[in-house]
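Bear in mind these aren't lab numbers, they're just calculated from the coordinates by the rules spelled out. Quantities reported herein were computed from a predicted structural model and do not represent experimental measurements. Cβ: placed from backbone, ideal geometry, glycine included. Neighbour counts: every protein chain shown.
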Amino acid sequence: MAMLYDEKNDHVKQVSKVGIIGAGISGIAAAKQLSKHNPVVLEATEFIGGVWKHCSYSCTKLQTPRCDFEFSDFPWPDRDNTTFPTHIQVLDYLYSYAKHFDVLKCIKFNSKVVEIRYAGLDRTGTLLNNESNNQMCGEYGKLLNGHPVWEVAVRDTSNQSNGAVQWYGFEFLVICIGKYGDMPRMENTNNGEFSAFSGKVLHSIEYSKLDKEAAHSLLNGKKVAVIGYKKSAIDLAMECVQANQGCEGEACTMVIRTLHWIVPSYWIWGLPFFLFYSTRSSQFLHQTPNQTLFKTFLCLLFSPLRRGISKFIEQYLLWKLPLVKYGLKPDHPFEEDYASCQMAILPENFFEEADKGKLKFKKASKWGFWSGGIEFEDKTRLEVDVVLLATGYDGKKKLQSIFPHPFKSLLLDSNGVMPLYRGTIHPLIPNMAFVGYIESVSNLQTAELRCKWLCRLADEKFKLPPVKKMLEQINEELEIMKRSTRFHKRHCISTFSINHSDEICKEMGINPWRKTNWFWEAFSPYSSQDYYDENE
Ligand SMILES: Cc1cc2nc3c(=O)[nH]c(=O)nc-3n(C[C@H](O)[C@H](O)[C@H](O)COP(=O)(O)OP(=O)(O)OC[C@H]3O[C@@H](n4cnc5c(N)ncnc54)[C@H](O)[C@@H]3O)c2cc1C
Ligand SMILES: NC(=O)c1ccc[n+]([C@@H]2O[C@H](COP(=O)([O-])OP(=O)(O)OC[C@H]3O[C@@H](n4cnc5c(N)ncnc54)[C@H](OP(=O)(O)O)[C@@H]3O)[C@@H](O)[C@H]2O)c1
């Protein structure tokens, strides 16, 4: 890595071709695929694995089947095992992968990026006449163009340091800081103001930092409210229940703003779940970007079948789980939760604990604190000792906090979604890629394929379409998401993931039809291994 004195900003910077921020699943995948460019991976903590290290409780498990959550060239040791790996096993798998492909050597741990600057700005912060301006008008340009485009300030977060900041310069920067983790979402939670309440308030990320004993003593014999009804909340509620077994134990109440469909396993009426949404034939029923008029017509024709599949799954869930008894039947179709990647897998014994009275549910769109607990919009009060906020994360704010003007204002479009071509390139932000922002049923698989695509793009094996075309494509995808689900802001491609990958394969110059015969092509699900390329 070369050292360079930056006259404009009066600091020395280390210069390298490729920088990657974050060493979670996405950052590790990017580092492996871009390894020939000797990337520098800047990781804020002293661990790889991101959310699997920092947002997991003792009960956290993968909720994607393991054979769908694996790198194409690194199968899980026991990939046919149908149990879900624990978060520790996910971390072990990731470490083995990073060691096997010698990725760890690229990582600078305890290196938190605190600021990103664009080298093409003058002292007043105005864009110089350069590639970015060209970009606004037409072509995106090369990812690697021989000079540093991004300057990155990195704070040493190790205990021994005094928070020293070192500057780096990169031609191409890959942002992998994660959609979840690090920045708790606190909106509507009285802006983080809990002083009215005399008990304890913790966000799920703070709870994740507690060891088993501390977690147990926080919850044991306490009345607890868990705010939220998604996967973090459901798992947290189960941790509360487990800490409150026996007659001394108190009940845990889940405060639910929006109901969602919850699923006990990947089997529906005896059929494997993948048949409904993860094969080419099942995704054929759903809209895809740039579809022909004929396909639009077919989709219309098939819409009763699509709705029927959703209803079929809903009927199973209503039969299998006491959703009606507990007032937990969502108003929206199952398909909308699936299309927004919001399907949570239910832990064992969840409703058994509700039947025992250990788990309670309170539906409330608004709530606030009073000294003894939580007050709801209907003025009823819940007395609690501890409030756990499983309210999710603000990944966009996390990104904006390190992003420079004027790009910060371009990060989100008017719908509040990041406009990313192939889920990776922001057409108006030069020499930068984002991995881990679009979601699917397996975020690892989605990230890895996009990193392969990125590597070929950096090597100029293909060219991006003009900026206008990319924006049109992004818009097409967003329209599909909007038509599929009211929760489109989750930026999820699960109902057209195979089509999304097909387009990526075509640009990479590889055959998008990855199966050995038409039967498998139509009826078997697509996994990472389908994208294994022995020539890589
Ligand atoms: C508890 C939990 C369980 C999940 N389970 C599943 C699942 O079963 N299946 C699935 O498909 N998806 C799951 N997800 C979604 C999950 O986010 C992805 O699967 C994936 O692990 C995300 O990886 P990532 O690398 O994009 O982000 P992260 O894991 O968030 O990693 C980001 C990394 O960037 C680092 N970083 C952040 N800011 C900076 C900075 N300023 N400077 C330097 N480094 C920085 C962080 O320390 C972290 O190491 C889960 C998410 C959570 C929170
Ligand atoms: N593999 C695993 O076991 C596992 C475990 C945990 C998390 N995850 C994943 O991690 C990601 C984040 O999950 P998450 O559960 O932490 O966050 P999330 O999916 O964003 O869910 C946040 C929950 O909090 C609710 N909420 C937010 N603000 C609220 C408020 N002010 N008042 C009341 N309710 C509020 C939301 O309700 P609304 O729906 O009304 O917004 C929602 O129920 C997801 O992708 C999830 O699948 C996976």
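Worth a mention:
- Under a 5 Å amide H cut-off, with hydrogens placed 1.01 Å from N, Phe69 pairs with nothing among residues at least 5 apart or on other chains.
- Among the listed pairs Lys105/Lys397; Lys105/Lys489; Lys212/Lys363; Lys325/Lys379; Lys362/Lys408, those beyond 28 Å (Cα-Cα): Lys105/Lys397; Lys105/Lys489; Lys212/Lys363; Lys362/Lys408
- A simple spin-label model places the labels of Phe523 and His332 3.3 nm from each other, with each point 7 Å out along Cα-to-Cβ.
- The chain: C-alpha gyration tensor shape, a/c 1.5 cut-off, then a/b vs b/c: oblate
- Residue-averaged [θ]222 nm for the chain, counting only DSSP H segments that reach four residues, each worth -39500 (n - 2.57): -9000 deg cm²/dmol
- Fewest-first ranking of Cys492, Cys67, Cys240, using other Cβ atoms within 10 Å as the exposure measure: Cys67, Cys492, Cys240
- Applying a length cut-off of 30 Å (Cα extent along the axis) and a mean Kyte-Doolittle floor of 0.5 to the DSSP H helices of the chain leaves 293-320.
- Amide H contacts under 5 Å for Lys222: Glu250, restricted to partners 5 or more places along the chain or on a different chain, H placed in the peptide plane at 1.01 Å from N.
- Pairs exceeding 23 Å between alpha-carbon atoms, taken from Lys61/Lys179; Lys61/Lys515; Lys179/Lys452; Lys223/Lys366: Lys61/Lys515.
- Point-charge dipole on Cβ atoms (K/R +1, D/E -1) for the chain, about Cα centre, debye to 20: 820
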